[in-house]
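J.: This is the structure, below, for whatever I ask next.
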Amino acid sequence: MTEMTEPRRSFVYRGTDIDGVSIDPDRLEIRGRSITDIIGALSLCEAALFTLGAETDAAAALDAGLARVIAACGPEHPGPRIAALAAGAGADLPRAVMAGLCALGEAEAGAIREAVPSLPEGAAEGLSVCAAVPALIAAWAAAQGRPAGRAQGAGFVSLAHGLCAEGAECAPADLALVEDVLVGWIGGFGPLPPSVMIPRIAIGTGVSIQQAVAAAFAAAGPLHIGATMQAVAILNRALDAKAEGPVEALLDRMLAAGQKIGGFGHPLLNRDPRPPHLRTRARDLGSSHPVWAVYDAACAHMAATTGLEPNVDFSCGAAMIAAGVRDPAAAAGLAMMARGIGITAHVLERRARPAFGIRRQAARDHLEAFPEGWL
């Protein structure tokens, strides 16, 4: 990994010291660094430690700790067993994962704490949730008869990928790009996304850190994180040219039918800075999977017909497919796993504040400032 540039605080984060977004220009930051400076410069474990405000030189130890947790969450572990039972009852991936995460305890957190004693207090509990997610995804998939891939190495990203991929081994460039995509999911929007806001609210009620981080999956719906599922589904269909024809024709049919094109546009940004950076990374790494030709054609067509730019969900979809993660739910689940790292930092920060975020008198003073229908 290359070194990053010096931190530059170009705008004020709102409600947090961890990360934030600027809309003039469109920019995402984590602890004063642009997300595009972090993607490709830091490994997932380095980015995790950086987001948590810890020393990144403990990345190898953290990787080993996360790998211990994912290895311990085999088919006989209560978490995957519960996730499989939930899947058998018809639960979708977010519900199955939430159910399985309820079975985590001190053993999983202890493995990470033992590996990196210098972690901030409570960080191991949150990171243990992230580490267990791929095993729960695999249990959910297995309950539906879907085959799992195999890891191409002993590191955590490789193990996580192996549990969620299908078919033959992927190229090293594609596995490296998956790690870049996961880094891009960690943060950058402050407490604004529902998947961050809900855990911050939950920890204020006094629940455990593991429960607060797991609560993020309650916010993983079609309109948040679910766009990754839609992107993977669209790209998979377009790759099956015999069934769908050119991707441009597929997109036109969807637009004509009034269907949402997952992975394009953004509720806040004019242009998500991550997709162009990740596309450049794919070229630099030498990824040659056919999905990138489809991706480029789709982006060009959407820009020409709708004026919409791709967001990180569409880039994530392409990168996951290139690496053999073709199940839409599994791809979105891995994105949520990475988001859990940033959520852990937010939960630790929020835990130190009053239960409702501010003291009573301040809340009374600001009550009338909330617009009707705000939340």
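J.: Can you give me the Cα centroid spacing of the stretch 324-365 and the stretch 17-38 in angstrom?
T.: First find each Cα centre; the distance between them is then 17 Å.
J.: Suppose R0 equals 56 Å. What FRET efficiency, 1/(1 + (r/R0)^6) with r the Cβ-Cβ distance, do LEU85 and PHE11 give to the nearest 0.05?
T.: 0.75
J.: Moving on. Starting from the amide H of ARG326, placed 1.01 Å from N in the peptide plane, find each other amide H under 5 Å away whose residue is 5 or more places distant or on another chain.
T.: Excluding prolines and chain starts, which carry no amide H, the hits are GLU166.
J.: Provide the FRET efficiency to the nearest 0.05 for the GLU166-ALA107 pair, computing r from the beta carbons and using R0 = 22 Å.
T.: 0.15
J.: Set the Förster distance to 41 Å, then compute FRET efficiency between ARG271 and PHE370 from the Cβ-Cβ distance, nearest 0.05.
T.: With a Förster radius of 41 Å, E is 0.85.
J.: I'd like the antiparallel share, as a percent to the nearest 5, of DSSP beta bridges with both residues in the chain.
T.: Here the antiparallel bridges make up roughly 80 percent for the chain.
J.: Let me ask something additional. Can you run phi through the Karplus equation (6.51, -1.76, 1.60; θ = phi - 60°) for the stretch 335-350 and list ³J(HN,Hα) in whole Hz, with x for Gly and Pro?
T.: Values per residue, Gly and Pro as x: 4, 5, 4, 5, 4, x, 5, x, 4, 4, 4, 5, 5, 5, 5, 5 Hz.
J.: Scan around GLY221 for amide H atoms under 5 Å from its own, H built in the peptide plane at 1.01 Å from N, and keep only partners 5 or more places away or cross-chain.
T.: Answer set, sorted by chain and number: GLY226.
J.: Here's a follow-up. May I ask you to evaluate 6.51 cos²θ - 1.76 cosθ + 1.60, the Karplus curve with θ = phi - 60°, for each residue of the stretch 44-53 and list the ³J(HN,Hα) values in order in whole Hz, giving x for glycine and proline?
T.: Running phi through 6.51 cos²θ - 1.76 cosθ + 1.60 with θ = phi - 60° gives 4, 6, 4, 5, 4, 5, 4, 5, 7, x Hz.
J.: Given H placed on each backbone N at 1.01 Å, which residues far from ASP19 in sequence or on other chains put an amide H within less than 5 Å of it?
T.: Hits under the 5 Å cutoff: ARG31, GLY190.
J.: The chain: percent of C-alpha pairs farther apart than 33 Å?
T.: 26 percent
J.: Now a separate question. With the crude spin-label approximation of a point 7 Å out along Cα→Cβ, what separation in nm comes out for GLN144 versus ALA293?
T.: 2.9 nm
J.: Whole-Hz ³J(HN,Hα) for each residue in the stretch 198-215, computed from phi via Karplus 6.51 cos²θ - 1.76 cosθ + 1.60 with θ = phi - 60°, x for glycine and proline: what do you get?
T.: Coupling constants for the stretch 198-215: 5, x, 5, 5, 4, 5, x, 8, x, 6, 6, 4, 4, 5, 5, 5, 4, 4 Hz.
J.: Work out how much length THR280 to ALA71 would gain on full extension: take 0.36 nm times their residue separation and subtract the Cα-Cα distance, in nm to one decimal.
T.: 71.9 nm
J.: Which net charge results for the neighbourhood of CYS316, defined as the other residues with beta-carbon distances under 14 angstrom from its beta-carbon, given Lys and Arg at +1 and Asp and Glu at -1?
T.: -1
Values quoted throughout were computed directly from the atomic coordinates according to the rules given, and no laboratory measurement underlies them. It should be emphasised that the depicted structure is a prediction, and the values quoted were computed from it without experimental measurement. FYI the Cβ positions are ideal-geometry reconstructions off the backbone, even for glycines, and counts take in every protein chain you see.
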